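First up is the structure itself, then whatever we jot down about it.
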Amino acid sequence: MEPAGSEGRGAVRELRLHLVTWNVGTASPPPDVTSLLQLNSLGPTMDMYVIGLQEVNSRITNFLSDLAFDDPWSIFFMTVLSPLGYIKLSSVRMQGLLLLVFVKHVHLPFIRDIHTHYTRTGLYGYWGNKGGVTVRMSLYGHTICFMNCHLPAHMENTEQRLDDFEKILEMQFEGENIPSTLDHDVLFWFGDLNFRIADYGIHFVRESINNKRYNLLWEKDQLNMAKKKEAFLQEFIEGPLQFKPTYKFDLYSDVYDTREQKSLFWFNEKKRKPAWTDRILWRVKNLCQHASKEVEFSEEEQTISVTLNNYISHMSYGISDHKPVTGTFGLELKPLLSDPLIILSPEGDWSAEHDVLISYSAVPEFPSSAWDWIGLFKVAFRHVNDYVTYAWVEDDEISSNKDSKQVYMSAAEIPDMGGEFLLCYYSNNLQSIVGISQPFQIQPNRTLIEKDLTQEENSWMQKPDNLESLDEF
C-alpha cells in the first residue's frame, strides 16, 4: 500500500469514482453485483464507490432491526468490497433511502470532515418516504458532496419534484465552517428522480426505444426541459442518455410494464409509460457549464475537474421494476493535502506471546484528543468499528518525545492465530481515520498451538468406552 500523498502538493492526482443509483423496490440483494460494480473491468480499479439506493425495505420490523444492526444491503456491499481493500467510509439512511460510500484504504488519511444529513419531503416534510440523504467530505482538501434523492412520482408532479429538490439543496450540515450544498467544489446529484417523458404517447415512446432512437425522446424528458428553464438546474451536467429508459419493467425481465395496474378505485390504470427516472448528474462549483459561455480559467483555479467515462444502465438486474444506473467518473485534482496527519507503524515482531508496541508521530498542527484511539484491524476490515482491539493513545502511552510516541497493546488482546493486520489512528475531533499503517504479520501464538496439539493427541489416545465396544463388531 503506497502512501497516497507521496506525489506531493503540486502533482495532479486522478481518482476513479463509480456511482450507482438503484430503486430496489424493497427487494433483497441479488446473488451477484460483479457487472454492476465493474469488478471485472480491465482498467484501473476504482478508488471510491458511492451507492445510492431507494425503496430499501423499511417496513417497521425491518427498519427497527436495521437501526440496531447494519441493514442487509450494507452488509452485502461490505461483504463484496472489503476483501478487495475498500472500507465503508460513511452511510446515511432515511427509511427507504440509503447512501453508502466505500473508499480504498490508501485514501483514508486524506478524507476529513465527513458529515451526513437527511431531508424529508414526503407528507409536507413530515415523512421520509421521499426526500434526500447526503454525505459530504473533504477529499485531499477539496469539498465533495453526494446527494441521493427519491422525488415524487407521476407525470403531473414535475413542479413538486423541482420544489422538493430546491428544499433538499437548502439543507445545512451541522458543524462549523461547513459549506452549503452548492458551495462544495463538486456536487453529485442522483437517485430515482422520477422525471417522465411528456406529451408523447406510450406507443411512440416504446417504438422509439425499440429502434434505439432515444434522441427522439430527449427533448420531452421533463428533467431536460426543466434544465432549460430553471436557473438552479442549469449548472448541473448529465451524460447522454444512450441507454433504454430504466422504468418500468416487469420483474426479472427486460420487458416494459405488461400488466394492468389495479388502483384503489377498482378500475385498471394504464400501463406505465417508460421513463428515465434514474439519473446521475454533477455540478462543479464556479465553472460555467454552457458551451456558449466557456471561460478560460488559470491553472491555479483549475484545481479539480470531473470527467464522465461511462454512463449506462444494467439490464441484467431484475429484482425491481427499475434498472440500476451507474456512472464512472475521473476526478482530476491537485491535492491540497500531501501529508497524513499521523504516521504509525508496529514496533518489532508481533504475537500474542507478549505485549506489543505501536509508534506514531503527528504533524504539529494535529488537534489531538484524549479520546483518540489506535485500532488493530484485519486487512479486509469493513468499517471503522470493525476493529479486533484498540488502545487509547493517552491512557496506553508508555513513552513520548518531540518526534514520536509509543503506545502499548496487551498480549491478551492480540489474536492467537495471527494473520495479516493493519493499524489505524482514529481522531475524535475529526471523526475520521487520519493515519493507517502498512499491512503487517502477527505471528501465531506457538505456546497455545502446541497446547492445542497436545490436547488433540491426548484425546485420540483416550478412546471412549462406547467406541471400544464398537471395535468388537
Note to self: Ignoring ligands, DNA and RNA, please state the percent of accessible area on the range 73-200 from carbon and sulfur, probe 1.4 Å.
What the structure shows: 48 percent
Checklist line | Under the Karplus curve 6.51 cos²θ - 1.76 cosθ + 1.60, θ = phi - 60°, whole-Hz ³J(HN,Hα) for the range 412-423, x wherever Gly or Pro sits | finding: 5, 8, 8, x, 5, 7, x, x, 9, 9, 8, 10
Next item on the list: Taking only protein heavy atoms into account and a 1.4 Å probe, give the accessible area per residue of the range 125-261 in Å².
Entry: 44 Å²
Notebook entry, point to check: Given H placed 1.01 Å from N in the peptide plane, which residues other than close sequence neighbours of VAL388 have an amide H under 5 Å from its amide H?
Noted result: LEU376, PHE377, LYS378
Item checked: Phi-based couplings in Hz for the range 425-435 (Karplus 6.51, -1.76, 1.60; Gly and Pro marked x) -> 9, 9, 8, 5, 5, 8, 6, 7, 6, 10, x
Item checked: Residues whose placed amide H lies under 5 Å from that of SER41, excluding near-sequence neighbours -> none
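With Cβ to Cβ distances under 12 Å as the rule, what net charge do the other residues near ASN309 carry (K, R +1; D, E -1)?
With Lys, Arg at +1 and Asp, Glu at -1, the net is -1.
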Next item on the list: Taking only protein heavy atoms into account and a 1.4 Å probe, give the accessible area per residue of the range 310-361 in Å².
Entry: 33 Å²
Checklist line | Amide H partners (placed H, <5 Å) of ALA275, local residues excluded | finding: THR246, TYR247, LYS248
Notebook entry, point to check: From the phi of every residue in the range 324-337, what ³J(HN,Hα) in whole Hz does the Karplus formula 6.51 cos²θ - 1.76 cosθ + 1.60 yield, where θ is phi - 60° and glycine or proline is x?
Noted result: x, 10, 10, x, 10, 10, x, 9, 9, 9, 9, x, 8, 10
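The values are calculated or read from the model by the stated rules, or taken from the named source; none is laboratory data. Just so it is clear, the structure is predicted and the values come from calculations on it, not from any experiment. Because the Cβ atoms are built from the backbone with ideal geometry, glycine has one as well, and the counts that use them run over all protein chains shown. These accessible areas exclude ligands, DNA and RNA; they are computed on the full protein's heavy atoms, side chains included. Shrake-Rupley method; radii C 1.70, N 1.55, O 1.52, S 1.80 Å.
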